[in-house]
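Contents: one structure, followed by commentary.
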Amino acid sequence: MKGLNWKFWLVIASVIIGIYFALPSFIGEIPPEIKFLFLKKRVRFGLDLKGGTHFVIQVQSDKVLKEVLERFGKSISSKLEEEKIGVKEVKVSEDVLEISVPAGSDVDVISDIARQVHPLLKISSTSVSDETLKISFELPPSEKTDIKTKALEQALETIRNRIDQFGVVEPTVVKYGEDMIVVQLPGIKDTERAKSLIKRTGLLEFKLVDDGNNFIETLADKLPEGITIQYEDVQDEKGRIVQSAFLRSGSLTKLSKFIESIKDEIPQGDEILIEEIYHPETGTRTYRTYLLKAETLLKGDTIDDARVRFDTQFGQPYVALSFNSIGAEIFEEITGKNVGRRLAIILDGRVKSAPRIKTKISGGKAIIEGRFTSEEAHDLAITLRAGSLPAPIEIAEERTVGPSLGADSIRKGMMATIIGGVLIIIFMAIYYKLSGLIADLALILNFIFIIAIMSLFEATLTLPGIAGIVLTLGMAVDANVLIIERIREELRSGKTIRAAFEAGYDRALSAIFDSNVTTVVSAAILFQFGTGPIKGFAVTLTVGIIVSFFTAVFVTHVISEYLLTKAGLKEISV
Amino acid sequence: MKIIQIIPPDVNIKWVDKFPYFLGVSILLILISLFSLGIKGLKYGLDFSGGALIQVKTEREIEISDVRKALKNVSFPLNIQNFEGKGEFIIKSEVPQEKLEDFKREIMENLERTFGGGSFEIRRVEMVGPKVGRDLRRKGMLSVISAIIAMLIYITLRFEFRFGIGAIIALIHDIIISLGAISIFNISMDLVILAALLTIAGYSVNDTIIICDRIREMRRKEKGKPEREIINSAINRTLSRTILTVGTTLLAVIALLIFGGGVIHDFAFVLLVGFIAGTYSSISIAVPFAFYIFGEKEMKKKR
């Protein structure tokens, strides 16, 4: 039995290594004096145990395609005007651009112009009715997919930037399918804030306030309950102090509805946008309007950096911006031309602030001094740094687990594991005596090895994952049951103890192997298909079964061999 | 020391001969399952149907009727249930994707108005849009089918095609009965339950393989013995192991069922049903079925 020696030491060594790797996961805090002795790697808890949020975000990339086609439509029609072809209508539906021109216009010329705008834009059909020639343009499918893919990539990048700067430990942001993104935020407390940061388009615009216009005053008689008209002193273009009217309300819904109802009366080239005002003394919010020139003078894509600062006097937060060279140039020009007027800074259709331009600003620096909380200022700065989303997004899936539920799940999972394990251990010991005890030892080792391997790979443990461990414990003893039953059979046929043990291990091996493979196959399929928690189940099941080959077959074999030879035991009860 | 034995070593049950009786029992169980699946159908959980779920735990023990009253003005049709005793509730609704946010906000506002902010805790929120639901449903079907095919291929490679067919018949038998139990006991079909079904698939074939392995060995050793006797004896000799293994596994499953908490409870229940069905079908259906379908001569010739 020379061969036994190395096997014996292999078992001892693997037990020590297993305990070494598993230990950091078992004890919460290792004393600092011996901390350097251990790896930092340990089992991670999934969102369902740790608490946290899982989002699936759907990027509406169809809308990007529509936007692209609308832009093409504009360029084509302006070029057609240059060629003296009058454009009657430009329409975009789904992925088709439709341009109507007078019947008899030269289709070849139009086709050439379209190709100048985008080389792959082709006429897909034409039709004539009532003096009108309707031409439909389409992009080839590969180009459409390309546009959508790029939109998704950009959205992924933007969201990743935003999340990284939000300050979550170990966030996950990955692509999922053709038009979706999965975001996981472990341990996050304020889900709604994270969601609003992710969801916002992040489009920053600068527009002039139309202060000389008295349109708002004309609304005074029509105001519904809950909306009031107020006046503020502003300077007009010539520097004179004038009174400018605006609407105010405590209800965003009421104000938006009213603005929607008077949409058609707003002067040409103007628009009304809302500002949200936070009152720190009461913690409430009110809403007011601005009458703006609709033209966008400058966009947020020219911003280099944005930081939160606090005003030294009142501690009020503001956001300091710096533009890139192009942005700085445009900003200098705008401010130079409009000294004395108010410039509104708008994010996703909401006015953030509308300061008066005191002097021409060169050097590309600006500040946004809104009436918001420091959290909002923080999120605003993140949004400006991370850039805007190419397409609107929708939350397609949200799963949030509160930390207390996670802690409950851990407690219950541990309870089930301990009770399940103990029941099996007692049963095996009673039914198979010493052989059962050896199998029990293997079972405990199996559990330690599962944790060790999962720690080593920093695998994620989920609630179904804990169920997987419990289940594996039940299944792992299968190998021992097979072996011991086989030994009993061999004993009955008159073999000696030693021979029966050898035959038992020998014969049971193929059955153990084949039967475990099928379980691993189902686990692999589950891993492929499943989402987070289910993946955790597949992982523990697979690891547990693979480990059981070593513990339930090899380790028990070595131990019983040792007992029968070195330890001089005459028999091992089965 | 005396050996403890549940199954006597000289057990001699004529499995192949009694197959018609077992078949009868199985057909009855399958009919009951199909009947329930046909009449009641499967209740899809959130993962597959899409919709929203909010789990709320209140500080004081509030009656479910109070929660209903607090939420009566919510503009979505609600399904409110108690969860693991008093003071904890699950509020469910079918909500289209673009309304998911509104749903959550409305529930929160109404709860805050009635019970006061801070007097309750949102323990869990799950919102699944229909697109994700459809996607998961498709993948779920795909995973079950690919599991069945993978098992068939594996058994065919390692043993022979006929045993593969027998094992797959037993496997489908187990899955139908498990689905029947899911339908009868109103369990919501979701991802966790699907994981249970796939585990049952793996486990069901596991037992069949042990028997096939023994048949393979006996054919080698006891040449000339009629196939019918080999099958009977292979099943009898592995019977003790089969019963004991399912016993230890069921100990684990029962521990999960009782102590694992709400989410794991349904999962463990389906496993319980599936494992019992799986063990039964592996012993009495899988190999005898293959024997009858392919005939004694055909079975022997293959060797």
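Each reported figure results from applying straightforward, stated rules to the coordinates on display, with no laboratory input. If you're wondering where the values come from, they're calculated on a predicted model, not measured in any experiment. Don't worry about glycine lacking a Cβ; one is built from the backbone with ideal geometry, like all the others, and counts go over all protein chains shown.
Classify the range A:105-223 as rounded, prolate or oblate, taking a ≥ b ≥ c as the square roots of the eigenvalues of its Cα gyration tensor: rounded when a/c is under 1.5, otherwise prolate if a/b is larger than b/c and oblate if not.
oblate
Which angle between 0 and 90 degrees, to the nearest 10, do you get for helix A:3-26 versus the longest principal axis of chain A when only C-alpha atoms count?
The angle comes out at about 40 degrees.
Report, in order of residue number, the helices in chain B meeting two criteria: a C-alpha extent of 15 Å or more along the helix axis, and a mean Kyte-Doolittle hydropathy of at least 0.0; treat each whole DSSP H run as one helix.
Length and hydropathy pass: B:19-39, B:130-158, B:161-184, B:191-221, B:227-259, B:262-281.
Just need log10 I(q)/I(0) for the range B:51-128 at q = 0.14, 0.24 Å⁻¹, Debye formula, equal scatterers on the alpha-carbon atoms, no solvent, rounded to two decimals.
With no solvent term, the Cα-only Debye profile gives -0.38, -1.18.
For the range A:238-320, run through the GluC sites (Glu not before Pro) and keep only the ones in DSSP coil with at most 15 other Cβ atoms within 10 Å of their Cβ.
For GluC sites (Glu not before Pro) across the range A:238-320 that sit outside H, G, I, E and B with at most 15 neighbouring Cβ atoms in 10 Å, the list reads A:E281, A:E295.
By how many degrees, between 0 and 90 and to the nearest 10, does the Cα long axis of helix A:403-456 differ from the longest principal axis of chain A?
Taking the Cα atoms of chain A, the angle to A:403-456 is about 10 degrees.
Could you list, bin by bin from short to long, the percent of Cα-Cα pairs of the range A:165-304 in 5 Å steps?
Values per bin, smallest distances first: 2, 7, 13, 15, 16, 13, 12, 9, 6, 5, 2, 0.
Within the set A:K7/A:K412; A:K254/B:K86; A:K88/A:K199; A:K566/B:K2; A:K134/B:K99, which residue pairs have Cα atoms separated by over 29 Å?
Violating the 29 Å Cα-Cα cut-off are A:K7/A:K412; A:K254/B:K86; A:K88/A:K199; A:K134/B:K99.
What list do you get for A:D130, A:D62 if you sort them by fewest beta carbons within 10 Å?
Ascending number of Cβ neighbours within 10 Å: A:D130, A:D62.
Could you compute the FRET efficiency for A:I444 and A:D264, with r as their C-beta to C-beta distance and R0 at 51 Å, rounded to 0.05?
Step by step, r from the Cβ atoms, then E = 0.05.
Taking the 0 to 90 degree range and rounding to the nearest ten, how far is the long axis of helix A:463-492 tilted relative to the main principal axis of chain A, both from C-alpha atoms?
20
Have a look at B:V287, B:V25, B:V128 and tell me which one the Gaussian network model of chain B (Cα, springs below 10 Å) gives the largest fluctuation.
Most flexible of the set in this elastic network: B:V25.
If contacts are Cα pairs under 8 angstrom and at least 6 residues apart, what is the relative contact order of chain A in percent?
18
If you count, for each residue, the other Cβ atoms within 10 Å and average over each peptide, how do B:167-176, A:470-479 line up from highest to lowest?
My ranking of the peptides, most packed first, is A:470-479, B:167-176.
Tell me, what are the semi-axes, in whole angstrom and largest first, of the equivalent ellipsoid of the protein assembly as shown as set by the roots of 5 times the Cα gyration tensor eigenvalues?
Equivalent ellipsoid of the protein assembly as shown: 67, 32, 26 Å, largest first.
Taking the alpha carbon gyration tensor of chain B, what are the square roots of 5 times its eigenvalues, largest first, to the nearest whole Å?
Largest first, chain B gives 49, 20, 14 Å.
For each of B:I215, A:I410, A:I483, A:I418, count neighbouring Cβ atoms within 10 Å of the residue's Cβ, then give the residues from fewest to most.
A:I418, A:I410, B:I215, A:I483
If R0 is 56 Å, what FRET efficiency do you get for A:D146 and B:L37 from their C-beta distance, rounded to 0.05?
0.80
Please give the calculated 222 nm ellipticity per residue for the protein assembly as shown, where each DSSP H segment of at least 4 residues contributes -39500 (n - 2.57) and the sum is spread over every residue; nearest 500 deg cm²/dmol?
Taking each H run of at least 4 residues, the total per residue is -18500 deg cm²/dmol.
I need A:R507, B:R105, A:R350 ordered by Cβ neighbour count within 10 Å, fewest first.
Least to most surrounded, the residues fall as B:R105, A:R350, A:R507.
For the range A:1-52, state what percent of all Cα-Cα pairs lands in each successive 10 Å bin, counting from 0 Å until the bin that includes the largest distance.
All Cα pairs considered, the percentages come to 20, 34, 26, 15, 5, 1.
Please report, for the Cα atoms of the range A:200-396, the Rg to one decimal and the Dmax as a whole number; what are they, in angstrom?
According to the Cα coordinates of the range A:200-396, Rg and Dmax are 16.9, 52 Å.
Express as a percent, rounded to the nearest 5, the fraction of DSSP beta bridges in the protein assembly as shown (both residues included) that run antiparallel.
Of those bridges, close to 95 percent are antiparallel.
Return the distance in nm (one decimal) between the two label points of a simple spin-label model at B:D66 and A:R307, each offset 7 Å from Cα along Cα→Cβ.
5.2
Treating each Cα of the range A:429-574 as an identical point scatterer and ignoring solvent, apply the Debye formula and state log10 I(q)/I(0) at q = 0.10, 0.11, 0.14 Å⁻¹.
Calculated log10 I(q)/I(0) at the listed q: -0.37, -0.44, -0.67.
From Cα pairs below 8 angstrom and at least 6 apart in sequence, can you work out the relative contact order of the range B:51-128, rounded to a whole percent?
About 50 percent, as a whole number.
Please find the FRET efficiency linking A:I426 to B:V11, where r is the Cβ-Cβ separation and R0 is fixed at 25 Å, and quote it to the nearest 0.05.
Efficiency, rounded to the nearest 0.05: 0.45.
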